[in-house]
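The values are calculated or read from the model by the stated rules, or taken from the named source; none is laboratory data. This structure is a prediction, so every number in the text was calculated from the model and none was measured. All Cβ positions, even for glycine, are placed from backbone atoms using ideal geometry, and neighbour counts span all protein chains on display.
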Amino acid sequence: MDIQLYGFWRSIASFRVRVALKLKGLPFKEIPIDIMSGEQFTPDYDAVNAERVVPTLVHDGYRVFQSLAIIEYLDEVSPEPGLLPTDPADRAYARSLALVTVADVHPLVTPRVRNHLAKAFGQMVTQSQDGPSIGRARGWRPMSGSSPGDRRLRSS
Ligand SMILES: N[C@@H](CCC(=O)N[C@@H](CS)C(=O)NCC(=O)O)C(=O)O
């Protein structure tokens, strides 16, 4: 398997894919894209990922984007070890936890969104741009347990 990962060292979405690759023991070559200096907007990277975000995975010449889709793809082309539990309820819980980050939290803290908010609302937003502040503002608190019997995300 020839695997290349376009990523950025402190990108949480790239981390998700790196963790999956490591858990599966799949060797890969990382191609760094410096999203803080705007390398994602260069024509070269635009040709790789039209959304102009990292990560992008290239497997034997086939390109996949969006971290969760990449992780599911890896689980299908290289099923062992499986990344999801076998029990349907546990699988649903694992997917729910993944989507808390991917769908709810992460979109608020990407550079393009932070830059847009800073332009639109100024210092007020840039001072509280970190994820924990946003989470607190939305009334989230850490989940009290991860046992199968405690599957609900609680809010205070
Ligand atoms: N939902 C996407 C998010 C991708 C994403 O927003 N990646 C960030 C880095 S963690 C990025 O490339 N941001 C560039 C920008 O905001 O300009 C995924 O999970 O792959």
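Can S67 be described as of a type outside the set (F, W, Y) and either modelled with pLDDT under 95 or within 13 Å of the ligand (Cβ to nearest atom) (or both)?
It is true that S67 is of a type outside the set (F, W, Y) and either modelled with pLDDT under 95 or within 13 Å of the ligand (Cβ to nearest atom) (or both).
Of all the residues that make up the range 17-33, how many are in a helix (DSSP H, G or I), surrounded by 14 or more Cβ atoms within 10 Å (Cβ to Cβ) and either free of Cβ contacts under 8 Å to residues at least 60 places away in the same chain or not assigned by TED's automatic domain parsing to the domain that holds D44 (or both)?
4
Given (1) under 19 Å from R112 (Cβ atoms); (2) out of contact with any helix residue (DSSP H, G or I) (no Cβ under 6 Å at 6 or more places or on another chain); (3) touching a residue at least 12 places away in the same chain (Cβ under 8 Å), identify the lone condition not met by S67.
Result: S67 fails condition (2) only.
Spot the failing condition for L74; the list is (1) out of contact with any Lys or Arg (no Cβ under 7 Å at 6 or more places or on another chain); (2) in a helix (DSSP H, G or I), and only one is missed.
Status for L74: all satisfied but (1).
In the range 21-37, is there at least one residue being among the charged types (D, E, K, R) and within 14 Å of F65 (Cβ to Cβ)?
For the range 21-37, residues among the charged types (D, E, K, R) and within 14 Å of F65 (Cβ to Cβ): absent.
Counting only residues that are part of a helix (DSSP H, G or I) and within 14 Å of the ligand (Cβ to nearest atom), how many does the range 34-53 have?
Matching residues across the range 34-53 total 5.
Among the residues of the range 112-125, are any closer than 25 Å to L68 by Cα, at pLDDT 60 or above, aliphatic (A, V, I, L, M) and not assigned by TED's automatic domain parsing to the domain that holds M36?
Looking for residues that are closer than 25 Å to L68 by Cα, at pLDDT 60 or above, aliphatic (A, V, I, L, M) and not assigned by TED's automatic domain parsing to the domain that holds M36, one finds at least one in the range 112-125, hence yes.
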